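Asks: This structure is in structure tokens; I'll ask about it shortly.
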Amino acid sequence: MSNCVEKITHDACGSKNLQVFQAEDGTYNGYCFGCGTNVKDPYKDRPPDYKPIIKKKSKEEIDAELAEINECGFHALPKRKLGVKALERFGIKVGLSEKDGVTPTIAYQPTTVDGVVTAYMCKPLNGGKPWTVGEGKGADLFGWAQAVEANAKRLYITEGQLDAAALFTIIKKQQTAQYKDSDPSIVSLPYGAGNADKVIGKWLGKIRKNFKEVALVFDQDEAGRLAVDKVLKIAPDFLVADLPCKDANECLMKGHIKGAFNAIMFKSSKAKNTKLVWGEDLHEAAKEQAVFGVSWPWPQVTELTRGIRTGETIYLGAAQKMGKSEVVNTLAAWLIKEHGWKVMMAKPEEANKKTYKLVAGKIVSKIFHDPKVEFDYEAYDKAGTILHGKLCMVNLYQHVGWETLKTDIVAAAQAGCKAVFIDPITNLTNGINAADANTKLQEIAQELSAMALDHDIVIFIFCHLRNPDSGLSHDRGGRVLTSQFAGSRAMGRSCNYMFGLEGNKDPDLSPEERNMRKLVLLDDREFGEVGEIDLYWDKRTTQFNEV
């Protein structure tokens, strides 16, 4: 998007209405409001090293420009075959030529934040580069309020604002009499396809809440196809429309109305993954020395696993009250403090306030959640400076469902989180009988594995174990087996690693013996390793230390 620089005299028409813009690459271009002409190089007569002084506009100046745009009316765009009704629906105002007062020259496309117009994207209708007046940071999907009000079953998402108006026109022209009073739900990306996945990822929860189906109606070019691929990674159930022309507006302008209508209404389909990758295409990319992932808190585990890598899922099981949550918090704190990662924690059986205190405690080796221990405010604030911007939690307590959690994970990944912790995963199957719960957990594990790859994150899954069929119970030193995990073998197939946490809480043992644990690597899909690592839980610091 271009930034306004200054207004200078346009030699061609003599008016002082040549607005100069600076593009993202630092070059300058211009648009003359006097004669409606794009000017490729407004400074061609200036010295080669000339650089204008860019003065930041005051709030009063911006408000005055917005007020001036608001005075513009809704006018048809004959060349684009867009009528007043479609433009008015989306709030697109039209600036007319200063020469004749009739010819449309600029489309002013509103940008809203939380439903309030805060800016206009100014798009020259003769092909010039657009610019923005006002503040558009955190923009809504263009046309969101109208789409929700229409209350249609399916939401259509276009790349551009005029394409949204064009698609509205196409659908209204082809609607049968039975649906003539119904409006389609159509939105556009606020700033094109470049960050489509991030924008839609942010809005995914609201989209799923309001619509049963979603169809992507992006441009039929390389940028549009790339944007579709990225969006489908976070929303693989979205439909994709294959238009007969480059975009919806071109379909309207060239008269391919019926073809476009059929494409979006009846032929939108889920993308099929039919892309084959040949070995020779990967040869050079794969010609590299394998490297360790980031370290675990325990050197022996790092040695066995070759480190923690994004794109993988790791499953850890333990009996109740054996220290599983301590491992969760230790890992989260380690990745934040040692590696600077952002992490997401979904712990539906624990209040977020407590989770924060526990992770903060791990950061500085202090106890903040026990009323018997004096609260160390200085240490707590020190932990806070490390955790700031690094830890996010699911804002739900005892009410986590898979569909909502899936959306939250995508949002966290879009926000830069590199690790996700789910503790316990069995909370996602509460109220389901054992047989169906296992099937559901297998499905979830497969989806989590795909999400880890698609979003380049590592997902840690934690669960309670089933009781052993015979022999010692887990809290008396019984061995952990993969068959005792929720989802068992099927979960193991989907995860890269499976760990068990073993220990003996026999009250006849000494406190030191009761606080000993074995972290057992049960299943390693990457390197086929197995092993046991002795850990000791220090009650003074709450840390699990390798022995």
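The values are calculated or read from the model by the stated rules, or taken from the named source; none is laboratory data. No experiment lies behind these values; they were computed from the predicted model shown. Here Cβ is always computed from backbone atoms with ideal geometry, including for glycine, and neighbour counts include all displayed protein chains.
Asks: Is it fair to say I425 is touching a helix residue (DSSP H, G or I) at 6+ places or on another chain (Cβ under 8 Å) and either closer than 28 Å to V228 by Cβ or surrounded by fewer than 19 Cβ atoms within 10 Å (Cβ to Cβ) (or both)?
Replies: Values: touching a helix residue (DSSP H, G or I) at 6+ places or on another chain (Cβ under 8 Å): yes; either closer than 28 Å to V228 by Cβ or surrounded by fewer than 19 Cβ atoms within 10 Å (Cβ to Cβ) (or both): no.
No.
Asks: If I ask for residues that are among the aliphatic types (A, V, I, L, M), closer than 21 Å to G205 by Cβ and either more than 24 Å from the chain's Cα centre (by Cα) or not in a strand (DSSP E or B) (or both), which ones from the stretch 403-442 would you list?
Replies: L405, I409, V410, A411, A412, A413, A415, I425, L428, listed by residue number.
Asks: Run Q320 past the list (1) exposed (fewer than 11 other Cβ atoms within 10 Å of the Cβ); (2) in contact with a His (Cβ under 8 Å, 6 or more places away or on another chain); (3) of a type outside the set (A, V, I, L, M); (4) not assigned by TED's automatic domain parsing to the domain that holds L519 and report the number of the one that doesn't hold.
Replies: Result: Q320 fails condition (4) only.
Asks: Hey, another quick one. Of the residues P236, P244, only one is more than 17 Å from the chain's Cα centre (by Cα) and either buried (at least 18 other Cβ atoms within 10 Å of the Cβ) or not aromatic (F, W, Y) (or both); which? Reasoning before the result, please.
Replies: Details: P236 fails: more than 17 Å from the chain's Cα centre (by Cα).
Going through P236, P244 in turn, just one is more than 17 Å from the chain's Cα centre (by Cα) and either buried (at least 18 other Cβ atoms within 10 Å of the Cβ) or not aromatic (F, W, Y) (or both): P244.
Asks: Can you find a residue that is under 30 Å from D538 (Cβ atoms), crowded, with 20+ Cβ neighbours inside 10 Å and modelled with pLDDT under 90 anywhere in the stretch 381-403?
Replies: Yes, that holds for at least one residue.
Asks: Additional query: Can you find even one residue in the stretch 284-296 that is under 30 Å from G531 (Cβ atoms), surrounded by 18 or more Cβ atoms within 10 Å (Cβ to Cβ) and over 24 Å from the mean Cα position of the chain (by Cα)? Reasoning before the result, please.
Replies: To start, the set of residues in the stretch 284-296 that are under 30 Å from G531 (Cβ atoms) comprises 286, 288-296.
Imposing the further condition that a residue be surrounded by 18 or more Cβ atoms within 10 Å (Cβ to Cβ) reduces the set to 294, 296.
Those still in the list that are over 24 Å from the mean Cα position of the chain (by Cα) too: 296.
Taking every residue of the stretch 284-296 in turn, at least one turns out to be under 30 Å from G531 (Cβ atoms), surrounded by 18 or more Cβ atoms within 10 Å (Cβ to Cβ) and over 24 Å from the mean Cα position of the chain (by Cα).
Asks: Which of the residues that make up the stretch 141-156 are free of Cβ contacts under 8 Å to residues at least 60 places away in the same chain and surrounded by fewer than 21 Cβ atoms within 10 Å (Cβ to Cβ)?
Replies: Correct list: A145, Q146, E149, A150, N151, A152.
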